[in-house]
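Heads up, the thing below is written out as structure tokens.
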Amino acid sequence: MSALTKAEMAEQLFEELGLNKREAKEIVEAFFEEIRLSLESNEQVKISGFGNFDLRDKSSRPGRNPKTGQDIPISARRVVTFKPGQKLKARVETYAGPDSDF
Amino acid sequence: MTKSELIEKLAAAQGQLTAKDMELAVKMILDHMSDALARGERIEIRGFGSFSLHYRAPRVGRNPKTGEPVSLPGKYVPHFKPGKELRERVNPEAAHIDA
């Protein structure tokens, strides 16, 4: 199955909200950019009904290059995690799997 | 940042639309994303990340009050994998060694 992309989201805004194509594209782009900007400034993003984008600081840990087997320390870093909200979790839970016809 | 703050920022940056219209647009984007995941479809946003479903196998849980075993069916849960640009932007110091 094909994945949902920004182009399809913009197309829907164009068709259902009557925005022109350029505006629709800009809004979808800005939507994701505002979330990135917030996370970049170390601020969590809470989208009720969908989920939260949180930041976690990871300390450094020993790692290994899987190709060469060489030990390389993995440096301390900040990572984004997504915690789905109740509503999204409930909707997805009922998905019957790729073999179902629904 | 909350959803309403996100809507305000988008409306302020996009002079053409009213806050009300922007609220509708954001709701539509989020519904579109939720609908896709509910159908088992992936979402791929370059530079931001991808959303997909992960399967959780059936297991025997317990009623925390009574301690009684409860069999829980298998289910799908949403999963987000941050894209390269997002990983680098939240983590500028380590960007150059990001795998």
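Over 19 Å apart at the Cα level, from the set B:LYS9/B:LYS84; A:LYS87/B:LYS3; A:LYS6/A:LYS58; A:LYS89/B:LYS65, are B:LYS9/B:LYS84; A:LYS6/A:LYS58; A:LYS89/B:LYS65. Pairwise inverse Cα distances across segment B:1-89, averaged and inverted, put the Kirkwood hydrodynamic radius at 16.2 Å. A crude spin-label estimate for the pair B:VAL77 and A:ASP57, with each label 7 Å from Cα along the Cβ direction, gives 2.6 nm. Output the 0 to 90 degree angle, nearest 10, between the alpha-carbon long axis of helix B:3-13 and the longest principal axis computed from the alpha carbons of chain B. Approximately 20 degrees, to the nearest 10. Helix by helix, which DSSP H runs in chain A go 20 Å or more along their axis at the Cα atoms and have an average Kyte-Doolittle hydropathy of 0.0 or more? Passing helices, by number: none. Under the shape rule built on the C-alpha gyration tensor, where the axes satisfy a ≥ b ≥ c, chain A is prolate, since a/c reaches at least 1.5 and a/b is greater than b/c. Centre-to-centre, using Cα atoms only, segment B:41-77 and segment B:1-40 are separated by 27 Å.
Of the trypsin sites (Lys or Arg not before Pro) in segment A:62-102, the ones in a loop by DSSP (not H, G, I, E or B) with at most 16 other beta carbons within 10 Å are A:LYS67. Computed with a 1.4 Å probe on the full set of protein chains, the accessible area for A:ILE74 sits at about 50 Å². Remark: accessible surface ordering of B:ARG89, A:ARG36 (largest first) is B:ARG89, A:ARG36, probe radius 1.4 Å. To the nearest 10, the accessible area of A:SER75 is 40 Å² with a 1.4 Å probe. Between 0 and 90 degrees, the angle of helix B:19-38 with respect to the longest Cα principal axis of chain B falls at about 30 degrees.
The values are calculated or read from the model by the stated rules, or taken from the named source; none is laboratory data. Everything quoted here is computed from the prediction, not taken from an experiment. Note: ideal-geometry Cβ built from the backbone for every residue, glycine included; neighbour counts use all protein chains shown. Just so you know, the surface numbers come from the protein's heavy atoms only, side chains and all, with ligands and any DNA or RNA stripped out. Shrake-Rupley method; radii C 1.70, N 1.55, O 1.52, S 1.80 Å.
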